[in-house]
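Accompanying notes for the structure given below.
FYI, it's all coordinate maths here, none of it is from the lab. Because the structure is a prediction, the values reported are computed rather than measured. No Cβ is skipped: glycine too gets one built from the backbone with ideal geometry, and neighbour counts run over all protein chains shown.
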Amino acid sequence: MANQGEPSLRFVVEADDADAAEVAAAEAFAAGAAGLEERGTEGSAGISLVIYAAPERAGAVGAAIASGTGIRCVSGPEPVEAVDWGSRWREGLGPLVISTELVVRPSFAASRLGPGQSEVVIDPGQAFGTGEHESTRLALDLLARLPASLRHGASVLDVGTGSGVLALAALRLGAVRAVAFDLDAKAVAVAKENAERNGLAGAFVVFAGPVDALATRVFDVVVANLLKRELLPLARDLATRVSRGGALLVSGLLAGEAEQVRDAFASHGLGEVARAERDDSSGERWLGLRFGFAEGGMRRGCQTASARATASTTGAATGGRRP
């Protein structure tokens with residue numbers, strides 16, 4: 001990030017949709033961008049990004065942005081006054097009250113917890129997931145809205161964990177074991193650090209690799225905060241990891257993608273149980289869905305509820321299994 005007093009340049013990028021904006025942002029940071037602001041585009045479904053770069057990185061950043069698809073306009077680089085990114089990135093970040101049981105906050109924002117309320121402390125960093133983005137917040141909302149009978153004592157799988165916030169939140173909400181994975185080794189390192197910071201490392205396992213590394217293990221709750229293009233190819237793999245009577249929670253979706261996602265999981269015996277929606281600053285509506293197996297339509301090989309309870313008790317006594 002740029003240091004205080006260092007000159008800075010900015011690009012204004014207008015993207016067709018959230019996917020294009022995400023790709024443009026990722027490419028810009030990979031080329032050396034120093035910071036980013038997301039703004040709504042009045043009267044349009046598009047998203048406007050303001051991307052900052054130091055002068056020596058401006059050429060590479062501009063080229064990276066322009067190479068993306070779905071980018072309607074790029075202006076700049078334009079000079080701006082020096083930005084102190086050491087404090088600027090903290091602006092607008094504070095505690096997020098997810099429910100009467102859970103608060104997610106950055107370490108620099110204190111929060112007074114209510115009776116029976118616990119917290120997960122996550123700072124913005126190299127891995128995605130602080131609770132600020134609508135897709136992460138929707139996944140947190142769906143976790144918090146699960147019946148207590150499903151949350152308490154549950155085993156949880158966090159797919160594409162990023163910062164680990166969803167797995168750690170599930171543990172705070174009553175789960176006894178969380179397994180998480182990501183293809184990004186940096187994200188795995190960040191998730192481990194966050195588990196240690198929150199005192200949850202003993203119940204948290206994270207690894208770098210694909211879902212296939214889990215073999216045939218099943219979980220009471222599977223949560224995946226992924227874009228549709230990342231989620232749909234994993235539909236079968238995720239469905240086979242959900243235990244009988246369990247729940248699959250997915251977010252990272254736009255409202256218009258609901259039918260396609262429902263159809264993908266319906267082909268594996270999962271039906272929609274609940275949903276949550278949130279609008280971002282540009283007016284884009286994000287969607288989170290909870291799926292479950294219909295009575296009489298459970299997939300083969302699932303444990304019965306009583307068998308799962310017995311296995312959970314046995315696992316707790318032996319320390320559980322790890323991938």
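Brief remarks follow.
- Of all beta bridges that DSSP places with both ends in the stretch 129-318, some 40 percent have antiparallel geometry.
- Protection proxy ranking, peptides 224-233, 206-215, 190-199, 107-116, average beta carbon neighbours within 10 Å, highest first: 190-199, 224-233, 206-215, 107-116
- Stretchable slack from A208 to S281, in nm (0.36 nm times residue separation minus alpha-carbon distance): 23.0 nm
- In plain terms, the bigger the Kirkwood radius, the slower the diffusion; for the stretch 129-318, with that radius from Cα pairs, at 25 °C and 0.890 mPa s, Stokes-Einstein puts D at 149 µm²/s.
- Using 0.36 nm per residue and subtracting the Cα-Cα separation, the extra length available between D19 and E193 on full extension is 59.8 nm.
- Spacing of the two label points (7 Å from each Cα toward its C-beta) at S75 and A258, in nm: 3.6 nm
- When you restrict to C-alpha pairs under 8 Å that are six or more residues apart and normalise by the size of the stretch 8-83, the relative contact order lands at 49 percent.
- Taking a point 7 Å out from the Cα of L150 in the direction of its Cβ, the residues of the stretch 184-221 whose backbone N falls within less than 20 Å of it are 217-221.
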